[in-house]
Every structure is written in structure tokens, then in C-alpha cells.
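The values are calculated or read from the model by the stated rules, or taken from the named source; none is laboratory data. Only a predicted model underlies this, so the values are computations on that prediction, with no experimental measurement involved. Note that we place each Cβ from the backbone using ideal geometry, even for glycine, and neighbour counts take in every protein chain shown.
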Amino acid sequence: MNRNVIFSLSLIIGLILQVTLFSFFTPWGIKPDIILVLIIVIAILEGPKTGLIFGVIGGLLQDVFLGDFISVNTIIKAPFAYITGYLEGHFYKGNFLLAPFITFIASNIYYILTIVLSEELIFSVNYWETFINVMFPSSIYNSILSLIIYLIFYQLFNYGEDYYGR
């Protein structure tokens, strides 16, 4: 099966899991952003163009099914995927700690931008409390998920062998 088809299906499955299973299974009240994690992993493995395409698709899926038509998710996730995709050619893909590290940083920036770009949140949020209780734990949760997803995609598509030209 084509990689892009599998990535598209993984975004749809990720959205379904995010609104069903991970809405009920919330350790310490923390919910992951599976779409953000998938977009970052895809961008790291495939590069900026594919990352941008799946950033737009993932952001639109999340906006359409969880909120407004085009909202904060599409506006933030598409550029994130594009920027993250630039790392694809600069790091060794076999470094499995790369995805969790980038996901942790991107998740924190994503949550900050979500608050700043949301009119109803910008003036009503205690930033320090939100960082300690929501952003930081969610970023760790996203990082753990990104390691799992990265390992699955890495093994599924044999990136190690493609990297060395075998």
C-alpha cells in the first residue's frame, strides 16, 4: 500500500482514537493531541512538502470534526509540519529520541499559540497554571506517543534501509 494512503488512514484513525478512547482514558486529566503527533512524525520522516500536505489535512480534519471549519488547528499545524519537515534531511532517522524531543517542543509551542490565537482564551487563562497542569503534562504524553508512532512507521517503511541506500 502507498505510504500516503497509510498516512491518511492513520490521521483518520488518530482522530477517531482522540475523540473516543483518549477522551475517556485521561490519566491525571491529560489528553494527547494524536493528530499533532502524527503530523510531526510524518514530517520528520517524509520532509517538508509531505509534512505540509498532511499538516493541512490533519488540521482540517480536526477543525471540521471538533470545531470550526478553518480554525486554529489548521493555521498552526500546517506551518509546524512544514518547519518540522526541514529536519528530515539534517538528522539521522535512526535516532529514535528525535521525534519525542521535537514533539515535546512543538506541543508546548502549539499550546501557547492556541491560547494566543483564541480570542476567548487569551485574557481568561492563568498561563503558569495552564503550563504546569495542562501544557507540560500533555507535551510529555504527546512525546511518549510520538516515540511509539515513530518506531511503528520507521519499521513499517524500512527508513533505515532507505537511508543507507540498501
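Is it the case that LEU66 is surrounded by fewer than 14 Cβ atoms within 10 Å (Cβ to Cβ) and either in contact with a helix residue (DSSP H, G or I) (Cβ under 8 Å, 6 or more places away or on another chain) or under 16 Å from TYR111 (Cα atoms) (or both)? Yes, satisfied.
THR50 fulfils the conditions (1) surrounded by fewer than 21 Cβ atoms within 10 Å (Cβ to Cβ); (2) closer than 20 Å to VAL134 by Cβ; (3) in contact (Cβ under 8 Å) with a residue 24 or more places away in the chain except for a single criterion, (2). State all residues of region 1-27 that are under 21 Å from GLY51 (Cα atoms) and of a type in the set (Val, Ile, Thr); if no residue qualifies, say none. Correct list: VAL5, ILE6, ILE12, ILE13, ILE16. Pairs, please: C-beta under 7 Å, at least 6 apart or cross-chain, first residue within 16 Å of TYR110 (Cβ to Cβ) and in region 76-95, second outside any helix (DSSP H, G or I) and modelled with pLDDT of 80 or more? Short answer, once both residue conditions are applied: GLY85/GLY47. Checked against (1) surrounded by fewer than 14 Cβ atoms within 10 Å (Cβ to Cβ); (2) of a type in the set (A, V, I, L, M, F, W, C); (3) in contact (Cβ under 8 Å) with a residue 12 or more places away in the chain, ALA43 meets all criteria but (1). If you go through region 1-53 and keep only what is among the small types (Gly, Ala, Ser) and in contact with an Asp or Glu (Cβ under 9 Å, 6 or more places away or on another chain), you end up with ALA43, GLY47, GLY51.
Reported count of residues in region 14-34, each being in a helix (DSSP H, G or I) and polar (S, T, N, Q), is 2.
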